Structures are given as C-alpha cells and as structure tokens.
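See below for the structure under consideration.
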C-alpha cells in the first residue's frame with residue numbers, strides 16, 4: 001500500500017523487453033535506498049513494482065505484460081522521469097489517501113491551464129472508470145494523490161499546487177499526455193458489495209431497477 005505522496009522523482013535508466021514482459025532499471029533520484037531490500041514494493045508513477053535488484057544508485061524490477069498493457073510504463077524510454085514512493089509502514093504519515101499501486105487504466109489530459117500559481121488539469125478517464133470518480137473524492141494520477149475538483153461525464157478536473165509541481169513529474173505533463181489512473185479503493189469495493197451474490201453469478205451493471213429491487217432506493 002502507498003499514500004500517493006511522492007518521495008522522489010527518478011529516471012528510467014533502462015527498459016529491456018523480454019518476451020511479453022520487460023525489466024526496468026530505475027535511477028533513484030533522492031529516494032532513500034538505505035532500508036530497501038529485494039522483494040520490497042516501490043510505486044513507479046503509480047505502478048507497484050517489486051524490487052529484484054538494488055544498489056545505492058537505484059533498483060531493478062520486472063514488469064508483466066498485463067502491467068505494460070494497462071499502464072504507461074511500456075511507453076517510457078531511457079531518461080524519462082518517474083514518480084517514486086516506497087510502500088507505507090505502520091508509522092508512515094498518511095498524508096494522501098490509501099493507494100494500492102494497481103493502476104486501473106490510462107487517462108488522457110484534455111486541457112491544461114494556469115490557475116493563479118497552480119495548474120489545473122482536465123483529464124478524460126476510460127469510460128469504465130468514470131463512475132468511480134466523484135467530486136471532492138480522491139484519485140491517483142501517475143502515483144500522486146489528488147482531490148477531484150469537478151466531474152463532467154468521463155472527464156474530471158484536478159488542481160496541482162506549486163509544491164506538487166516542483167516535487168513530481170506533473171509539471172511536465174502537457175495536453176494529450178497519457179497518465180496512469182487509480183480510482184479510490186472504497187468506490188470499487190462498495191460497488192462489489194452492493195452487487196453481493198449477484199456479482200458472484202456474473203452480474204455487473206447497477207441499474208435503477210436493481211437498486212430499487214434491493215431496497216437502496218424507493
């Protein structure tokens with residue numbers, strides 16, 4: 001688990017394809033590696049990866065074909081910057097929100113504009129994810145915990161303050177850039193809970209009729 005509070009901006013040192021998978025080597029930036037061990041989890045632009053090798057300079061991780069298909073990692077090249085966060089501990093300050101590092105899909109930045117000293121992004125989410133994104137709820141964008149300011153159909157807006165712009169890769173994002181999205185954990189599990197046994201039998205759509213039949217609305 002992670003918090004979405006970025007600890008360092010690192011760089012892709014190498015990304016080598018191997019069959020349908022890949023191995024990525026990441027330069028740590030200012031990330032403290034003194035307590036990192038083989039098998040630990042580190043979020044790389046929102047993607048939870050397992051450390052298979054490490055040194056004072058950085059770490060290496062394997063990336064599955066599923067992860068390459070569901071995230072932006074497969075589009076990265078040597079020298080590209082990435083957001084880094086080590087897994088939280090029981091003594092970690094939870095400054096953001098609970099983030100699993102399991103990216104749900106890739107969104108596209110449809111607008112970037114200055115808003116005083118901050119920057120406002122409008123991001124288009126994949127259609128299947130939009131229902132989990134709520135105004136004033138939390139969303140993780142490239143590993144960064146953000147508050148949703150507004151929702152317009154499949155698009156939502158977030159505001160990036162100067163500190164976040166300086167300490168993450170978000171300041172480099174332009175219109176048409178792709179970003180990793182992870183929706184709030186509570187929203188996903190709540191949907192599954194509402195479905196109950198219906199989900200176990202293969203049902204997936206929540207309709208007004210479904211909610212009325214099960215007593216959620218009158």
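Derivation of every value follows stated rules applied to the coordinates shown; laboratory data play no part. On a predicted model such as this, the values are computed, not experimentally measured, just so you know. Neighbour counts run over all protein chains shown; Cβ positions are idealised from the backbone, glycine included.
Overview of values
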read-out	value
Gained length - residue 136 relative to residue 186, 0.36 nm times residue gap less alpha-carbon distance	16.6 nm
Cα long-axis angle, helix 185-195 against the chain (0 to 90 degrees, to the nearest 10)	30
Packing-based exposure ordering (other Cβ within 10 Å, fewest first) of 32, 184	32, 184
Relative contact order %, the stretch 39-83, counting alpha carbon pairs below 8 Å whose residues are six or more apart	31
Percent of Cα pairs exceeding the 33 Å cut-off, where the set is the chain	20
Volume per residue that the Cα convex hull of the stretch 8-52 spans, once the total is divided by residue count, Å³	77
Cα convex hull volume per residue for the stretch 8-86 (Å³)	75
Percent RCO, i.e. relative contact order, over the chain, from Cα pairs under 8 Å lying at least 6 residues apart	21
Likely footprinting exposure, 8, 81, fewest C-beta neighbours within 10 Å first	81, 8
Two-decimal ratio, the stretch 105-183, of alpha-carbon radius of gyration to 2.2 N^0.38 Å	0.97
Which of 189, 132 has the fewest Cβ neighbours within 10 Å, and the rest in rising order	189, 132
